[in-house]
Amino acid sequence: MPLIDFTQPYYLIAAVVVFVLCIYLGRNQKTNTVPCLMLLVFLAIIAGHTIELTSALSANFVSTLAKNIIIDEAFIFASFLSFLWLDKIQIDSNKKKKGKKKAEPTIKDGLDFLWKKV
């Protein structure tokens with residue numbers, strides 16, 4: 001049995017609730033720090049699941065870990081997209097805070113090409 005088993009409904013519901021609350025917190029604070037931490041946590045969880053997969057003995061355990069890794073990848077993808085979305089919000093709020101001052105260009109939004117396609 002994996003340490004964090006997303007095939008169990010309670011673990012999955014708890015992870016989704018924490019995921020949504022972290023996105024809500026990041027959106028209200030207009031910062032991308034919380035989704036970045038969430039992304040790192042899910043990367044650590046998938047690393048743990050792959051380490052457990054290397055020492056799996058039974059076929060049932062391998063099947064459970066494979067399902068957990070697929071769910072981990074979905075959470076990583078969703079947290080990366082939320083990170084990019086909140087990064088865009090943070091950049092826009094920083095531009096509004098600066099106002100209409102004529103300042104030298106510092107950092108351009110390198111993800112404009114992605115946001116135009118999304």
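The values are calculated or read from the model by the stated rules, or taken from the named source; none is laboratory data. Note that the coordinates shown come from a computational prediction; the quantities given were computed from them, not determined experimentally. Virtual Cβ from ideal backbone geometry, glycine too; neighbours counted across all protein chains shown. Note: areas computed on protein heavy atoms with side chains; ligands, DNA, RNA excluded. Shrake-Rupley method; radii C 1.70, N 1.55, O 1.52, S 1.80 Å.
Key figures for this structure:
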read-out: Ile89 accessible area, assembled protein chains, probe 1.4 Å, Å²; value: 40
read-out: Where labels lie 7 Å past Cα in the beta-carbon direction, separation of Ile89 and Ile51 in nm; value: 3.3
read-out: Relative packing of peptides 51-59, 5-13 - highest average C-beta neighbours within 10 Å first; value: 5-13, 51-59
read-out: Shape call, region 15-104: gyration tensor on alpha carbons, a/c limit 1.5; value: prolate
read-out: Cleavage-rule hits (chymotrypsin sites (Phe, Trp or Tyr not before Pro)) in region 33-82: DSSP loop, at most 11 neighbouring Cβ within 10 angstrom; value: none
read-out: Arg27/Glu73 FRET efficiency (R0 22 Å; Cβ-Cβ; nearest 0.05); value: 0.40
